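See below for the structure under consideration.
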Amino acid sequence: MKFLGFIVVCLTGTLLLYGTGEFPDWGDPDSPASIHLSNYYIEKAVEETQVPNLVTAVLADYRGFDTMFETAVVFCAGLACFLLLRDFREKKERFYRHTPTRVILHVKDSKKVLKTGKEFEHMDKDWVPSDLIIRTVCRILIPFIQIYALYVVAHGDFSPGGGFQGGVIFGSSLILLAISYDLKTLVRRIKEKVLGIYAALGVLIYVGIGAICMAMGGNFLDYSKLVPIVPGDPHHIRALGMLGVEIGVGIAVTAAMVIIYINIVSEGKHDEGL
Amino acid sequence: MHWPIDLIVLTFVIFCAIAAISVKDLLGTAILFGAYSFVMCLLWAVMGAVDVAFTEASVGAGVSTVFFVAAVFRTSRRTKD
């Protein structure tokens, strides 16, 4: 069976390599991709949208419809993880540490919930929370990561980056919090409902901006129609529209990443985990 | 002076890919897959696709590695085959 698989892989690989022979050269100006639309984007995008980063202009404006459904796909991924993995049954066993004596208590009855605080602290069964150095380093690092994520979202018009990347970085900063402390810390700070609402809100912001454009008499996601309701320079209206859309993407992606992580790592119990 | 960097990075990509599918330890595979994504990100950057490189670095090398590690943590660490 393994040998058969190897042959199939080799055959497919050979076919794919054979197919690449027909490709245009890298950076070939006569390739089909560069002769139709690319010229228009390169010549007109900065003038029309006032956004120096052409990639963002294409992704969030000219092909805004595409990006909207990409955001919807990320939202659906979070939703699918929630629906498949979420388990609302309470966990039976719990471990606590009595802080003054360092004695570990094993509570088998789920109804007896000890109050954690000064006297008892909660312990994970399979994941011992890490030590002081990691905690301190992560606590110092996380705000900087989050600021950088916000910068990536806000500066997406001018430099590489945008809503997706910024959202992922923001989500990973929250995941880092869960890894360096424990999952309970993250779940306590951001409630599950809030995460779900944020994921939906991000998509709603995107679709809402498109719908407002329609209500103002333009096409769906035609940001130039937003001039009467957005203060500021009318020449930059498409850049501002893109920024609004990117913020929506960022919120949706952040929430979706955290939902996926929490559901995978705690087997849907949102209780204990990596 | 671009082609040697290209070639070295490409060799490393293939090396990481083969290592990732042949290692028995799934945690090691997750880490190797992260390394693969990171080298792939370098390759995008060499080709001038900075936005794609950024996405690859944050999604491929960052979050998806964490997801793999989380999945390994909740399943088993050894492969059966």
May I ask you to list pairs of residues, at least six apart or on different chains, whose Cβ atoms are under 9 Å apart, with the first in the stretch A:256-274 being away from chain B (no Cβ under 11 Å) and crowded, with 24+ Cβ neighbours inside 10 Å and the second being not in a loop (DSSP other than H, G, I, E, B) and not small (Gly, Ala, Ser)? A:ILE259/A:LEU79; A:ILE259/A:CYS81; A:ILE259/A:PHE82; A:ILE259/A:GLU192; A:ILE259/A:LEU195
Output the number of the condition that A:GLY161 fails; it satisfies all remaining conditions of (1) within 12 Å of chain B (Cβ to nearest Cβ); (2) over 17 Å from A:ALA57 (Cβ atoms). (2)
Would you be able to say whether some residue in the stretch A:164-179 is over 17 Å from B:VAL66 (Cα atoms), aliphatic (A, V, I, L, M) and surrounded by 18 or more Cβ atoms within 10 Å (Cβ to Cβ)? no
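Yes/no per residue for (1) in contact (Cβ under 8 Å) with a residue 24 or more places away in the chain; (2) in contact with a strand residue (DSSP E or B) (Cβ under 6 Å, 6 or more places away or on another chain); (3) surrounded by fewer than 18 Cβ atoms within 10 Å (Cβ to Cβ):
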residue: B:TRP3; (1), (2), (3): no, no, yes
residue: B:ILE14; (1), (2), (3): no, no, yes
residue: B:CYS41; (1), (2), (3): no, no, no
residue: B:SER58; (1), (2), (3): no, no, no
residue: B:ALA61; (1), (2), (3): yes, no, no
residue: B:PHE68; (1), (2), (3): yes, no, no
residue: B:SER76; (1), (2), (3): yes, no, yes
residue: B:LYS80; (1), (2), (3): no, no, yes
So, A:ILE205, is that one part of a helix (DSSP H, G or I), surrounded by 15 or more Cβ atoms within 10 Å (Cβ to Cβ) and in contact with a helix residue (DSSP H, G or I) (Cβ under 9 Å, 6 or more places away or on another chain) or not? yes
Sole exception among (1) more than 22 Å from A:GLY162 (Cα to Cα); (2) part of a helix (DSSP H, G or I) for A:VAL258, by number: (1)
Scanning the stretch B:30-58 residue by residue, those within 9 Å of the chain's Cα centre (by Cα) and either hydroxyl-bearing (Ser, Thr, Tyr) or at positive phi (or both) turn out to be B:TYR36, B:SER37
Can you pull out the helices (runs of 4 or more DSSP H) entirely within the stretch A:2-118 that have at least 1 residues that are surrounded by 13 or more Cβ atoms within 10 Å (Cβ to Cβ) and aliphatic (A, V, I, L, M)? A:38-49, A:54-57, A:64-85
Consider only pairs whose beta carbons are under 9 Å apart and that are at least six residues apart or on different chains; among these, list those whose first residue lies in the stretch A:185-200 and is of a type outside the set (Val, Ile, Thr) and whose second residue is surrounded by 15 or more Cβ atoms within 10 Å (Cβ to Cβ) and assigned to a loop (DSSP other than H, G, I, E, B). A:GLU192/A:ARG86; A:GLU192/A:HIS270; A:TYR198/A:ILE190
Segments classed as helices (runs of 4 or more DSSP H), wholly inside the stretch B:1-77, with at least 1 members that are away from chain A (no Cβ under 13 Å) and modelled with pLDDT of 90 or more: B:3-22, B:26-46
Determine whether A:SER180 is over 23 Å from A:PHE75 (Cα atoms) and either modelled with pLDDT under 90 or touching a helix residue (DSSP H, G or I) at 6+ places or on another chain (Cβ under 6 Å) (or both). yes
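The values are calculated or read from the model by the stated rules, or taken from the named source; none is laboratory data. Keep in mind the model is a prediction, meaning the values are calculated, not measured. Quick reminder, even Gly has a Cβ in these numbers, built from the backbone with ideal geometry, and neighbours come from all protein chains shown.
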